[in-house]
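One structure is given here, and the rest of the page talks about it.
The values are calculated or read from the model by the stated rules, or taken from the named source; none is laboratory data. The shown structure was predicted, so the numbers you read here are calculated from the model rather than taken from an experiment. Every residue, glycine among them, receives a Cβ derived from its backbone with ideal geometry; neighbour counts consider all protein chains shown. Remember, those area values only see protein heavy atoms, side chains included, never the ligands or the DNA or RNA. Shrake-Rupley method; radii C 1.70, N 1.55, O 1.52, S 1.80 Å.
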Amino acid sequence: MLDFIKKISYKQVLFFLVTILVFQFVLLKDLPFFWDGISKSVRASWIYNSNFTEWIVPTNINSGHPPLWILLLAAFWTVFQKALWSSRLLLLLVNIGAVWQLVLLCKTNFAKVISPFLVFLVCLEPTFIAQTTSLNNDMLLLFFTLLAINSLIKNKLFFFTFAVTGLLFTNLRGMYIVLAILLIHFAYLKYKLIEVKKSMYFGYLVSVLLFSVFCALQYQKLGWFIISLNEGYNDHRQSVDFNQIIINTIVVLKCFLEYCRFIIYIILLPLLIKYLKERKNNKNKEVDRLLLAFLILVFVLLAGMIPFSNPIGDRYFMICYVLSIVLLINLVNRYLADKRAIIYSLIAVFFISGHFWVYPATISQSWDSSLVYINYYKVESKMEDFITSHGIDKARIGTRIRLNERFYSELKTVEVAKRYSTFDITTNEYILLSNIENYTKDKELNYVRNNWKLIKEYSQLGVFVSLYKRP
């Protein structure tokens, strides 16, 4: 077995990963849009319905994010069919691009004695796996980020320009990542970690010019760009006071440690300290590149997020998790080679167990950052069967679960007669609760649990849906 692992090549690793992704596509081809992905479906539907005559989304549904992902969704619906399977076909292609670039990152930055098989360990990271199943734009953002880093290291101007432009047009966080890439570029040149090629700066110029044209067109049409005038989204772009900055910092720390990611940093930090102490006499180009990229991306993303009110999710730092694992593998090989099998096995077990990490219902959770969220759909289906079989009118049930948005989450029409009511303890006869949504306040949750009658509850691996009736 060990001989087989040693002989495996990066091409074989990529083939295995693509095979897994194709199998995942077949298995989850009908999995709905989830959480923030629903808003992307809303905007893509608007472009699709306009037959691409309009592609600047109106303010009432525009969060400020650039439109590349929603344009691609609308394009796939036009070419194939407006269906979940065609949406997931797009995600499959993006996932393949992301793992391709991840394999290249490892191939370039793993020490030569490290087996390509360890790419699989990087891919076991819980949020990475979860995002390969999520119809959101984060895997596209990761693809462009990895492509930008790989192209920068290899000084490939065309791909670098394509990557940086893609970052700007995929997500507002893409602007932070482009800034981080620029700083990484300077750092690599300063420490002579890449060859000097001044033409690479042309990539920044082209991407910024193209993005500026988009911003100008959007401003001309809507009267704003980047910071949405939609109050629902504008509230997420506000600066916060010192106390909230501290809270946001704690939230970011939580993101890096939860879903069993803490195991990475428990092992990484002492090894990193040891490396920095002896770096003057025995520095390593690959370790330096990974460490600089990791530190700069963490710094820029934190500086761009913690001073503002936008909710912070685990997926925002996915590139940081990836870089830290690749860095860890290098340092384990350098200092703990005789214990690496035990260490890698331990990390793999922790990563897998991260998908069973569920907080109490009173604690908000980044549900789209592990595979645990997939369990929700089975308990939802059972609850709806129960409601239908007992003849309970859905209009009498109040909930904050996004069951009325199936036109966008499942691309199905929901009849008005089958819509649920808005959550209101004072008027609802029934309340439908689930820990899959983070909107219900602790006070409301505890009040219903302690004072209303539980009619039925379904749960699976920590995800629950509960139906309560007014006493």
* Hey, any hits in region 275-286 for a residue that's basic (K, R), open to solvent by less than 90 Å² (accessible area, probe 1.4 Å) and either at pLDDT below 95 or in contact with a Ser or Thr (Cβ under 8 Å, 6 or more places away or on another chain) (or both)? -> yes
* To do: Any residue in region 188-215 that's among the polar types (S, T, N, Q): show its pairings with residues that are open to solvent by less than 90 Å² (accessible area, probe 1.4 Å) and in a helix (DSSP H, G or I) at Cβ separation under 6 Å, as long as the two are six or more apart or on different chains.
  => S199/L157; S207/V164; S207/T165; S207/L168
* To do: Return the total of residues in region 43-59 being hydrophobic (A, V, I, L, M, F, W, C) and either open to solvent by less than 30 Å² (accessible area, probe 1.4 Å) or closer than 16 Å to N171 by Cβ (or both).
  => 4
* Asked: Within region 72-90, is there a residue that is modelled with pLDDT of 95 or more, charged (D, E, K, R) and either under 17 Å from the mean Cα position of the chain (by Cα) or under 30 Å from V287 (Cβ atoms) (or both)?
  -> yes
* Residues satisfying the stated conditions in region 134-148, i.e. part of a loop (DSSP other than H, G, I, E, B), of a type outside the set (G, A, S) and either in contact with an Asp or Glu (Cβ under 7 Å, 6 or more places away or on another chain) or open to solvent by 10 Å² or more (accessible area, probe 1.4 Å) (or both) -> N136
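Yes or no, residue by residue, for (1) of a type in the set (F, W, Y); (2) part of a helix (DSSP H, G or I):
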| residue | (1), (2) |
| --- | --- |
| F16 | yes, yes |
| L31 | no, no |
| S45 | no, yes |
| Y48 | yes, yes |
| W69 | yes, yes |
* Cβ-Cβ under 7 Å pairs, at least 6 apart or on other chains, region 419-438 side more than 15 Å from R449 (Cα to Cα), far side aliphatic (A, V, I, L, M) and open to solvent by 20 Å² or more (accessible area, probe 1.4 Å) -> R419/A395; S421/A395
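Rundown of residues vs (1) open to solvent by less than 60 Å² (accessible area, probe 1.4 Å); (2) assigned to a helix (DSSP H, G or I); (3) on the phi < 0 side of the Ramachandran plot, yes/no style:
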site: T165; (1), (2), (3): yes, yes, yes
site: I177; (1), (2), (3): yes, yes, yes
site: L183; (1), (2), (3): no, yes, yes
site: M200; (1), (2), (3): yes, yes, yes
site: S207; (1), (2), (3): yes, yes, yes
site: C215; (1), (2), (3): yes, yes, yes
site: Q218; (1), (2), (3): yes, yes, yes
site: I246; (1), (2), (3): no, yes, yes
site: C260; (1), (2), (3): yes, no, no
